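Undergrad: My questions all concern the structure below.
Where a number appears in this text, it was derived from the coordinates with a stated rule and is not lab data. The structure displayed is predicted, hence computed values, not measured ones. Ideal geometry is used to build each Cβ from the backbone, glycine not excepted, and the neighbour counts take in all protein chains shown.
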Amino acid sequence: MSSSNKRIVILGAGYAGIFLATNIARYLKGKAGEVILIDRNPYHQLLQEIHLVATGFRTANEVKIPILRLIDGMNIKFIQSTTKQIRPDKNLVILESTEIKYDVLIICMGASTKYFNIKGARENSLPLRSISDASLIYDRVSALIKLNKKQNIVIVGGGATGVSLGGALSDFIKDSKKTDSLSITIIEALPTILPGWDEHLVKKVNEVLHKKGIRIITRSPVTKVENCGSSVYLGGDDATKIHSSLTIWTAGVKGYDIPIDPEVEKTKDGKIIVNEFCQIDRYPNIFSIGDIAAVKDENQKLYPPLAQIAIREAKYLSKLIPKHFIDGSDVKSLPDEKFEYNIKVQLISLGNDDYVGLFNHYVISGNLAKLVEEFATSTYIKSLKSGGRDIDASLYEDNIFSQLVSGITFARFTFMKWIEKKTQ
């Protein structure tokens, strides 16, 4: 391939991949370069909302956006296919349908469910990692609601996915008027739900979940799941048995399993180890971001698998790669500042209309938290569609100007919501 026509291939159209593709296409406008986006699905999934699909508060179509609509008018080629293998020594991606050569490769294929080698976990529980998973859970819960007997839904894993699902399930059951017969239990192996989140926010989340009647069991690792998920065992030799009508597994994630030959260094969880530039040391023209990547913060701890982290990483690479690979330098030496991001906002959905968050060190809930969530989703989608040209894209920068724009834009968004409510 001619040196004047570099091909940038992006694997995965999740939060990291789609944001990177639309933003990098903007930076390449008018310059030599080709962006190819590859995903097995023809749509982008708003994974932060799939628990609402699992409980009937959203339809599948409401949380997926056709990729071709998002990249319409942009210099991005989309290929719908499954990635079978990556050959770094040949700069080659082998797809189910064809083979693609690349000059720069960014792997952002997300994560898959982690079962920790617990006996029966994979076979006897339902995961929640996709829209199809959510639709299956909705069907199973709807069937339970129709039964007129005592039922218990067990959610294994008290991270963000499990907690959000638990809160939404409670609302679903309440709307069905079956609260006396159908209960929810969340089981977490660690001392607290939402490990790693702000302790004040966690306290508020606990309060909300308890008010919803959800039973929370912490410090209790699951050791076995049997009988099609109807028996969940906790502890060691004197294992406690919990009866379950439906067991849902949200206990952990691991990097999406994609064969790479020659191999690259990965964590025990299958995440691709990268340096401070989100770059694989052994292959400087390969980057990885999002849930599949092991990106460390300034304290050498891995960033958590959050959408806001994936988007920030994508924004970072959308500037770094064009500057050093298209504009005359190369990816072997990157003198720019390394990737760094301090999480300023934590927000979690606890039901159809319930949100709890941490905003500028203050715990927020109710209508304010809901507004922040709606604002974040609206800003994200606008930035995708504009390819980073809309002013909302500046909200993903990490400087004083962006913080000022963020405040003004949020105020404008809140005012328009108020006007909208008044005119209804």
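Undergrad: Mind pulling up the Rg/Rh value for segment 126-251? Radius of gyration and Kirkwood radius, both on Cα.
TA: In segment 126-251, Rg relative to Rh is 0.95.
Undergrad: Give me the one-decimal nm value for the distance between modelled label points at ARG282 and THR82, 7 Å along each residue's Cα-to-Cβ direction.
TA: Placing both labels 7 Å beyond Cα along the Cβ direction yields 2.5 nm.
Undergrad: With springs connecting C-alpha atoms under 10 Å apart, model the chain as a Gaussian network and identify which of GLU226, GLU34, GLU337 has the largest mean-square fluctuation.
TA: Highest fluctuation of the listed residues: GLU337.
Undergrad: Counting only residues 5 or more places away or on other chains, whose amide H sits under 5 Å from the amide H of SER231 once H atoms are built in the peptide plane?
TA: For SER231, the qualifying residues are GLU226, SER244.
Undergrad: Per-residue HN-Hα couplings for segment 31-44, Karplus 6.51 cos²θ - 1.76 cosθ + 1.60 at θ = phi - 60°, whole Hz, x for Gly and Pro?
TA: Ordered by residue, 3J(HN,Hα) equals 10, 5, x, 10, 10, 10, 10, 10, 8, 6, 9, x, 9, 8 Hz.
Undergrad: Further question: Taking amide H positions as placed 1.01 Å from N in the peptide plane, with prolines and chain starts having none, which residues 5 or more places from ALA294, or on another chain, fall under 5 Å of its amide H?
TA: Sorted by chain and number, the residues that satisfy this are ILE272, ILE273, VAL274.
Undergrad: Let me ask something else. By how many nm would the segment from ASN299 to ILE260 grow when fully extended, if each residue of separation counts as 0.36 nm and the alpha-carbon distance is taken off?
TA: 11.2 nm
Undergrad: Among PHE78, PHE359, PHE19, which one moves the most in a GNM of the chain with springs linking Cα atoms closer than 10 Å?
TA: Highest fluctuation of the listed residues: PHE359.
Undergrad: Rounded to whole Hz and in sequence order, give me ³J(HN,Hα) for segment 258-270 from the Karplus expression 6.51 cos²θ - 1.76 cosθ + 1.60, θ = phi - 60°, writing x for Gly and Pro.
TA: 10, x, 10, 9, x, 5, 10, 6, 10, 7, 4, 8, x
Undergrad: Note down the relative contact order for the chain as a percent, whole number, built from C-alpha pairs under 8 angstrom at least six residues apart.
TA: Worked out over the chain, it gives 18 percent.
Undergrad: Same structure again: Which percent, to the nearest 5, of DSSP beta bridges fully inside the chain are antiparallel?
TA: 50
Undergrad: Then there's this: Under the rule of -39500 (n - 2.57) per DSSP H run of 4 or more residues, summed and divided by the residues of the chain, what mean residue ellipticity at 222 nm is obtained, to the nearest 500 deg cm²/dmol?
TA: Rounded to the nearest 500, it is -9500 deg cm²/dmol.
Undergrad: For segment 76-134, what's the radius of gyration and Dmax over Cα atoms, in angstrom?
TA: Looking at segment 76-134, its Cα Rg and Dmax stand at 15.9, 44 Å.
Undergrad: While we're looking at this one, here's another question. On full extension of the chain, what length is gained from TYR362 through ILE381, given 0.36 nm per residue of separation minus the C-alpha to C-alpha distance?
TA: 4.2 nm
Undergrad: Arranged by the count of other C-beta atoms within 10 angstrom, fewest first, what order do ILE286, ILE364 take?
TA: ILE364, ILE286
Undergrad: Given the options THR240, ASN206, LEU182, identify the residue whose Cα lies farthest towards the positive end of the charge dipole of segment 126-251 (+1 on Cβ of Lys, Arg; -1 on Cβ of Asp, Glu).
TA: Farthest towards the positive end: LEU182.
Undergrad: Of LYS101/LYS323; LYS77/LYS319; LYS64/LYS370; LYS119/LYS204; LYS114/LYS174, which pairs sit farther than 28 Å apart, going by alpha carbon to alpha carbon?
TA: Flagged as over cut-off: LYS119/LYS204; LYS114/LYS174.
Undergrad: May I pose another question? Net charge near LYS254: determine it from the other residues with C-beta under 14 Å of the C-beta of LYS254, scoring Lys and Arg +1 and Asp and Glu -1.
TA: Overall, the nearby charge balance is +3.
Undergrad: To the nearest 20 debye, what charge dipole does segment 140-235 have about its Cα centre, counting +1 at the Cβ of each Lys and Arg and -1 at the Cβ of each Asp and Glu?
TA: 420
Undergrad: Further question on the same structure: Once the Cβ-Cβ distance between ASP175 and LYS203 is put in as r, and R0 is 25 Å, what FRET efficiency do you end up with, to the nearest 0.05?
TA: Efficiency for this residue pair is about 0.40.
Undergrad: Work out the length of the dipole vector of the chain about its Cα centre, built from +1 on the beta-carbon of each Lys and Arg and -1 on the beta-carbon of each Asp and Glu, and round it to the nearest 20 debye.
TA: In debye, rounded to 20, the chain gives about 820.
Undergrad: Using the Karplus curve 6.51 cos²θ - 1.76 cosθ + 1.60 with θ = phi - 60°, work out ³J(HN,Hα) for each residue of segment 344-354 in order, rounded to whole Hz, and write x for Gly and Pro.
TA: Karplus values, whole Hz, x for Gly and Pro: 9, 10, 10, 9, 9, 8, 10, x, 4, 10, 9.
Undergrad: Which semi-axes, in whole Å and largest first, does the equivalent ellipsoid of the chain have when worked out from the alpha carbon gyration tensor as the square roots of 5 times its eigenvalues?
TA: Ellipsoid half-lengths, sorted descending, are 37, 26, 20 Å.
Undergrad: Can you compute the modelled spin-label distance between ARG40 and HIS210, with each label point 7 Å from Cα toward Cβ, in nm?
TA: Here the answer is 4.2 nm between the modelled labels.
Undergrad: Give the residue from LEU194, ALA168, PRO127 lying farthest towards the positive end of the charge dipole for segment 126-251; charges sit on Cβ (+1 for Lys and Arg, -1 for Asp and Glu) and the dipole is referred to the Cα centre.
TA: ALA168
Undergrad: Also, quick follow-up: For ASP269 and ASN148 in the same chain, what is the full-extension length gain: residue separation times 0.36 nm, less their Cα-Cα distance, in nm?
TA: 39.4 nm
Undergrad: Given segment 126-251, what percent of its DSSP beta bridges are antiparallel, to the nearest 5?
TA: Just about 35 percent of them are antiparallel.
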